[in-house]
Every structure is written in C-alpha cells, then in structure tokens.
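The values are calculated or read from the model by the stated rules, or taken from the named source; none is laboratory data. Note that the structure is predicted; figures quoted are calculated from it, not measured. Positions of Cβ are generated from backbone atoms using ideal geometry, with glycine treated the same way; all protein chains shown enter the neighbour counts. The protein model used for the area step is the full one, side chains on, heavy atoms only, and it has no ligands, DNA or RNA in it. Shrake-Rupley method; radii C 1.70, N 1.55, O 1.52, S 1.80 Å.
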Amino acid sequence: MLVVQVYLKIKEKDILSFIDATKENASKSLKEPGIIRFDVQQNLEDPHQFLLTEIYKNIEATLDHKKTAHYKKWRFSVENMMAEPRYSVKYHKIFPLD
C-alpha cells in the first residue's frame, strides 16, 4: 500500500469552491479500483490549509489516478485557488495492513 499526503494552502476567497471541487474529485476517486481511501481535511487553526490523504493499492494506481478525467478537471480548476504550490509526501503503510 502507498499513502500520499497532499498539502495545500488555498486563498481565502476560494475556500468554499476548493472544498466543492475537492469533494467531487474525492468521490469519483473512491470509485477507482486502485484507490482504497481518499480523505479531505481542513486545518482547524488555519482554515486556508488542507490535507488530502490518499491510500492506493500500489504505485501504479497513483499513476492511473492522474490519468483520469476527474483528476485533470480538479487539477485545472483548483490551480488558481492555491496561495502557494501544493506538495505531497509519499509513505508506505506499515500497520494496520487491511
């Protein structure tokens, strides 16, 4: 399993639009066979900051995800909403192995 955490900082005026677009992307992503989990989280202390936690079956599933129409639509629609470039960190899951 592969866990990807994506960190984003969103402009104030775009927070609600970002949430809507990201929920749509996450909902469609969960239907992909290679995705196990896709969580969208907002920082309680700084509502401009978001964390996407994505769990994939393998590295190939992450590549397949980036080829989907809904991911490409999300990436294009939220690009100008970001206050700074997003970045991700990849982890391998140790426990529990579901």
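General remarks:
- Residue list for region 87-98, filter: open to solvent by 50 Å² or more (accessible area, probe 1.4 Å) and part of a loop (DSSP other than H, G, I, E, B): Ile94, Phe95, Pro96, Leu97, Asp98
- In region 20-78, residue nearest to Lys9 (Cα to Cα) [restricted to those that are of a type in the set (Lys, Arg) and without any contact (Cβ under 8 Å) to a residue 12 or more places away in the chain]: Arg75
- All conditions but one from (1) more than 13 Å from the chain's Cα centre (by Cα); (2) touching a residue at least 24 places away in the same chain (Cβ under 8 Å) apply to Gln5; the one that does not is (1).
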